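Notes follow the structure.
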Amino acid sequence: MPILELTTLTKHFGGVHAVDELDLAVEEGEIFGLIGPNGSGKSTTVNLICGVVSVTAGRVAFEGRDITGSAPHRVLAAGVARTFQNIRLFGHLTVWQNLWVAQNSVEDRRSENFAKRWFFGSGATRDAVDQQLEFAGLAGKRNELAANLAFGEQRRLELARALATKPRLLLLDEPAAGMNLEEVHALDGRLRALQQAGMTIVLVEHVMELVMGVTDRIAVLNFGRKIAEGLPAAIQEDPAVQQAYLGGGVETAHA
Amino acid sequence: MDDIYLITILSNIGMISFIALSAYLLLVVGEISFGQQAFFAVSAYGSGIATAMWGWPIWLGLLWGALVAGAAALVVAIPTVRLRGLYFSVATLAFAEMVRLIFEIFTYQVEIDGELVGPDGSDGFRDIRAIYDSNVSAFEYMLIIYGLLAVVLIGFLILERSRLGAIFRMIGEDPMLTEMQGLNVTKYKILAVVMAGIVAGIGGALYAHLATYVEPKIFNVMLGVHALAYGLIGGLGTAFGPLIGVAIDIGLLESIRAISGYRMIVFGGLVAVLLIVRPRGLLDEAAMHWLRGRWRGLIRAEN
Ligand SMILES: Nc1ncnc2c1ncn2[C@@H]1O[C@H](COP(=O)(O)OP(=O)(O)OP(=O)(O)O)[C@@H](O)[C@H]1O
Ligand SMILES: [Mg+2]
């Protein structure tokens, strides 16, 4: 059974068919690439899965359960976390607080203890946050406001925050946008490490060095429709895909 | 004589601080309420009825007023917290005006020692005499006001460092992103509205017993607008912000007699200028972060 299954998923914004009868099946443990030209419906697909925009038609199933139209907090509770194409952090909170609340949302939140649940959380949760800061390379910035971080640090914090909620499926919307080559390599390594640890990842990305190297399978969208699906090498050769990217090779396509 | 003047001003600052904190809490969760005076009013009447008509002791009357205000806030919250921005503001304003108009016609009087006591429509509610009957002096009552204010303020400061406080700020900044952290934003907003109602209610109950007389027209929209302005002046980064706002308005502007006739003009101008140069007030989040950093530095230097 696929961990994520989209069935004839459709989203219309007025006359725009942002996502059009999309069928997709992501298997547990794989890194699945979702690519396509600008405006092809990648972000909308992520938003549909997360319950951020309402579904026009079709179905989203996660681990066999129908989550179509679920409120975002329920989708997260079900085990799906995401990052954003345009970084979204709580800029008024510190780096540490950004992670702490996310961590709490799965742990102390279920606690019977009033003080733990509403006020200060448990020591274990605090330790877990410290570990995550370490892993994200942000330990030195723990008391900084998220708004004051450098761009690359904000990206790392966003990923760390998604991971803090202990998802089984991670949706990454252009995590490499704006990164230099070195940072892309670091991200590549991080994604592989996550996969080793059993995470399933859907990677929306324009940076082909990353997509072609790290993904197991790729689906290509164009005008909301899936025009190709398969192994990275096959996608690279696919004439329909090359056509979609305005005649150029996939390798040269950048956002 | 001057002593009484000082005590009166300080007591006013204290009472108004509650409604300022109430509006501040909602500003933190990103909602602008023009209606916090309604909870102030509901509690003023509720606690007055409890002590003057039902003969409850004053502390129970205060508690009762705050609870009634909290219950009223719950009733308002459930249909309105889903509204965004301007719609929430208009809904709270409409509710507050409705409450005021109800008090204009609300009559409920009983005979006590041959005299009619209780709310009498637009003539108001006289003889809420509990503190005078129990021989509490103006000075002692001021201490009670500040004692309760200290308790509420400490509550806010604890909240500030807690998970719930962080969630309130998250909602204020980006409700959709908060929802995507697995948090039910509607539920937390209802909680914030109820907490804000209770806080305004404490102020209202204190007010009724100090003034001994309440009438509906006191609770007009200007009270709510001031409550909002206090947080916006003093800053939304800390619960001290709205208190600074109150102190500036009542403490400074009202007591400088030279500008007495122009107080509203000066106050309005101050708000306008601040909204342009510091949209989230003097002590905004960035200022508080800087101050906390300095504070931590000092502590480290000590050790
Ligand atoms: N909220 C919205 N309202 C109206 N139209 C929208 C909305 N969101 C997306 N669209 C439209 O839907 C289409 C798909 O947009 P989407 O953001 O999903 O594309 P994308 O593949 O993520 O593109 P990019 O690579 O530029 O991020 C576009 O035509 C876009 O203009
Ligand atoms: Mg996109």
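The values are calculated or read from the model by the stated rules, or taken from the named source; none is laboratory data. Only a predicted model underlies this, so the values are computations on that prediction, with no experimental measurement involved. So basically every Cβ, Gly included, is an ideal-geometry build from the backbone, and we count neighbours across all protein chains shown. We work out accessible area using only protein heavy atoms, side chains counted, and drop any ligands, DNA or RNA first. Shrake-Rupley method; radii C 1.70, N 1.55, O 1.52, S 1.80 Å.
Determine the dipole magnitude for the protein assembly as shown: charges of +1 sit on the beta-carbon of Lys and Arg, -1 on that of Asp and Glu, nothing else is charged, the reference point is the Cα centre, and the result goes in debye to the nearest 20. Kindly include the intermediate steps, with their values, before the conclusion.
Values: 43 positive and 53 negative charges, 82 e Å.
Computed about the Cα centre, the dipole is about 400 debye.
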(message) For the full complex of protein chains and a 1.4 angstrom probe, list B:54, B:59 by accessible area with the highest value first.
(response) B:59, B:54
(request) May I ask for the accessible area buried between chains A and B, both sides summed, probe 1.4 Å, to the nearest 100 Å²? (result) 2700
(request) Would you jot down the residues in the stretch A:49-75 that end up with at least 40 Å² less accessible area in the complete protein assembly than in the chain alone, with a 1.4 Å probe? (result) A:52, A:72, A:73
(message) Keeping all protein chains in the complex and leaving out DNA, RNA and ligands, what accessible area do you get for residue B:207 with a 1.4 Å probe, in Å² to the nearest 10?
(response) 50
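Considering only protein heavy atoms and a 1.4 Å probe, what is the carbon-and-sulfur percentage of the accessible area of the stretch B:182-303? The partial results should precede the final answer.
On the way: 3870 of 5510 Å².
Its accessible area is 70 percent carbon and sulfur atoms.
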(request) For residue B:187, list the aspartates and glutamates whose Cα falls under 15 Å from its own Cα; do not include residues on the same chain fewer than 8 positions away. (result) B:31, B:179
(message) Leaving out ligands, DNA and RNA, and with a 1.4 Å probe, what % of the accessible surface on the stretch B:1-96 is carbon or sulfur?
(response) 77
(request) Rank these by accessible area, largest first, 1.4 Å probe: B:80, A:8. (result) A:8, B:80
(message) With a 1.4 Å probe and all protein chains kept in place, how much accessible area does residue A:17 have, in Å² rounded to the nearest 10?
(response) 90
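Give me the dipole magnitude in Debye, nearest 20, for chain B about the Cα centre, with unit charges on the beta carbon: positive for Lys and Arg, negative for Asp and Glu.
The dipole magnitude comes to about 1340 debye.
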(message) Which of rounded, prolate or oblate describes the stretch B:87-228 when judged by the alpha-carbon gyration tensor and an a/c cut-off of 1.5?
(response) oblate
(request) Have a look at the stretch A:86-100 and report residues whose accessible surface goes down by 40 Å² or more when the remaining protein chains are included, against the chain on its own, probe 1.4 Å, ligands and DNA/RNA excluded. (result) A:88, A:90, A:92, A:93
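What part of the accessible area of chain A, given as a whole %, is carbon or sulfur when the probe is 1.4 angstrom?
Details: 5440 of 10690 Å².
Ligands and nucleic acids excluded, carbon and sulfur give 51 percent.
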(message) Skipping prolines and chain starts, which residues have an amide H placed within reach, meaning under 5 Å, of the one on residue A:19, given they are 5 or more residues away or on another chain?
(response) A:11
(message) How tilted is helix B:163-173 with respect to the longest principal axis of chain B? Cα atoms for both, answer in degrees (0 to 90, nearest 10).
(response) 80
(message) About the Cα centre, and with charges only on the beta carbon of Lys, Arg (+1) and Asp, Glu (-1), how big is the dipole of the stretch A:1-142? Nearest 20 debye, please.
(response) 680
(message) If you fit an axis through the alpha-carbon atoms of helix A:151-164 and take the longest principal axis of the Cα set of chain A, what angle between them do you get, 0 to 90°, nearest 10?
(response) 80
(message) I want to verify a result. In a Gaussian network model of chain B, Cα cutoff 10 Å, which of these has the top mean-square fluctuation: B:77, B:211, B:96?
(response) B:211
(message) As I understand it, the dipole of chain A uses +1 on the Cβ of Lys and Arg and -1 on the Cβ of Asp and Glu, about the Cα centre. Which of A:165, A:12, A:25 lies farthest toward its positive end?
(response) A:165
(message) Output the 0 to 90 degree angle, nearest 10, between the alpha-carbon long axis of helix A:123-135 and the longest principal axis computed from the alpha carbons of chain A.
(response) 50
(request) Give the accessible area for residue B:289 in Å² (nearest 10); use a 1.4 Å probe, count only protein heavy atoms, and leave out ligands, DNA and RNA. (result) 30
(message) Could you tell me the center-to-center distance, by alpha carbons, between the stretch B:1-55 and the stretch B:108-126 in angstrom?
(response) 22
(message) Can you tell me how the protein assembly as shown classifies by the Cα gyration tensor, rounded, prolate or oblate, using a/c under 1.5 as the rounded cut?
(response) prolate
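Mind checking the per residue accessible area of chain B for me, 1.4 Å probe, whole number of Å²? Write down the numbers at each step before the final one.
Details: 13530 Å² over 303 residues.
Heavy-atom accessible area per residue stands at 45 Å².
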(message) Compute accessible area for the stretch B:168-190 by itself and then with all protein chains, 1.4 Å probe, and report residues whose area falls by 50 Å² or more.
(response) B:170, B:173, B:176, B:177, B:179, B:180, B:181, B:182
(message) As a test, work out the antiparallel percent of DSSP beta bridges whose residues both lie in chain A, rounded to the nearest 5.
(response) 55
(request) Considering only DSSP beta bridges where both residues belong to the protein assembly as shown, give the percentage that are antiparallel (nearest 5). (result) 60
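Averaged over peptide A:136-146, how many Cβ atoms belonging to another chain are found within 10 Å of each residue's Cβ? Before the final figure, lay out the partial values.
Working: counts 0, 0, 0, 0, 0, 0, 0, 4, 2, 6, 1.
Mean inter-chain Cβ contacts per residue within 10 Å come to 1.
Would the stretch B:66-162 count as rounded, prolate or oblate if I go by the C-alpha gyration tensor, calling it rounded below 1.5 in a/c and otherwise prolate when a/b exceeds b/c, oblate otherwise? Mind dumping the intermediate values first?
Details: a/c = 3.11, a/b = 1.20, b/c = 2.60.
Oblate shape, in that a/c is at least 1.5 and b/c is the bigger or equal ratio.
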